[in-house]
Every structure is written in structure tokens, then in C-alpha cells.
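Student: Dropping the structure in here first, questions after.
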């Protein structure tokens, strides 16, 4: 993929975004067309958007995610959720709410739901 159309607003995630360029790699990965489609499909099924990304995230970033310290791992997952939010809002979705149970996979336990405008 070429460069994402917008930059991630790092906000409070400077501690986990920069090390070994993980944040930049995740941001580019999330903008891939197949991942945009996965997030959109989850939204269409009234599921948290991150639920549709778990398998591929673990496949493509497994060791980078799971080899981190527990607190850092949780911060990375929160950053991924923030990235998903920024992407979906940019793509014309509205936030329904946060803290919905993720029913499959084991990377995320909670996530936000979105709807198409």
C-alpha cells in the first residue's frame, strides 16, 4: 500500500508508537484495503471493529505484540483501538459506543462499535 491518506494523531501513545516503528507499521497495516474491508464488515454485523482484525494482527504482528511487557501490551491494544477509531471516522463511520464485548479471538476483550453514515 502507498502512504495512508492521513497521519495517526499519536496523542498519549508516544510511549508505544515509536519503539521499533511498531506504531507506524500498525498504522500502515490497518489502512490496507483488506483490513478496511474487515473493519467495515464487522461494523455492518454490529460487532466491534477490532474483532475482525484479531487473527490477521496475530499472524502479522504476533511476536511484536506478545513479547512486550503486560502494561505495554495493553497500551498497544489501546493504541490499535484509537487507530481504528481514527480510520473509521475518516472513512465516514459514526461511533456507536465503546466497551462492547469481543466474542471471538483472544487478543481483544472489548472494543468499539461503529455504523456507516
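Read the figures in this text as sums done on the coordinates, not as results from a lab. Keep in mind that what you see is a predicted model, and the values were worked out from it rather than measured. A quick note on method: Cβ atoms are made from the backbone with ideal geometry, for glycine too, and the neighbour counts reach across all protein chains shown.
Student: Which of the following residues is more than 19 Å from residue 34 (Cα to Cα) and either over 15 Å from the mean Cα position of the chain (by Cα) or surrounded by 14 or more Cβ atoms within 10 Å (Cβ to Cβ) (or both): 61, 93, 108? Don't jump to the end; show me each part of the working.
Tutor: Numbers: 61 fails: more than 19 Å from residue 34 (Cα to Cα); 93 fails: more than 19 Å from residue 34 (Cα to Cα).
Just a single option satisfies the conditions, and that option is 108.
Student: Is it the case that the stretch 46-57 has a residue that's within 15 Å of residue 93 (Cβ to Cβ), surrounded by fewer than 17 Cβ atoms within 10 Å (Cβ to Cβ) and either touching a residue at least 12 places away in the same chain (Cβ under 8 Å) or out of contact with any helix residue (DSSP H, G or I) (no Cβ under 6 Å at 6 or more places or on another chain) (or both)?
Tutor: Yes, the stretch 46-57 contains at least one residue that is within 15 Å of residue 93 (Cβ to Cβ), surrounded by fewer than 17 Cβ atoms within 10 Å (Cβ to Cβ) and either touching a residue at least 12 places away in the same chain (Cβ under 8 Å) or out of contact with any helix residue (DSSP H, G or I) (no Cβ under 6 Å at 6 or more places or on another chain) (or both).
Student: So how many residues does the stretch 74-90 have that are farther than 19 Å from residue 38 by Cβ and over 13 Å from the mean Cα position of the chain (by Cα)?
Tutor: So the answer is 0.
Student: Further question: In the stretch 92-116, what residues are farther than 17 Å from residue 65 by Cβ, touching a residue at least 24 places away in the same chain (Cβ under 8 Å), in a strand (DSSP E or B) and touching a helix residue (DSSP H, G or I) at 6+ places or on another chain (Cβ under 8 Å)?
Tutor: 93, 112, 113, 114, 115, 116
Residues checked against (1) touching a strand residue (DSSP E or B) at 6+ places or on another chain (Cβ under 6 Å); (2) under 20 Å from residue 4 (Cα atoms):
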| site | (1), (2) |
| --- | --- |
| 72 | no, no |
| 87 | no, yes |
| 99 | yes, no |
| 107 | no, no |
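Student: Could you check how many residues of the stretch 38-62 are closer than 14 Å to residue 114 by Cβ and out of contact with any strand residue (DSSP E or B) (no Cβ under 9 Å at 6 or more places or on another chain)?
Tutor: Result for the stretch 38-62: 5.
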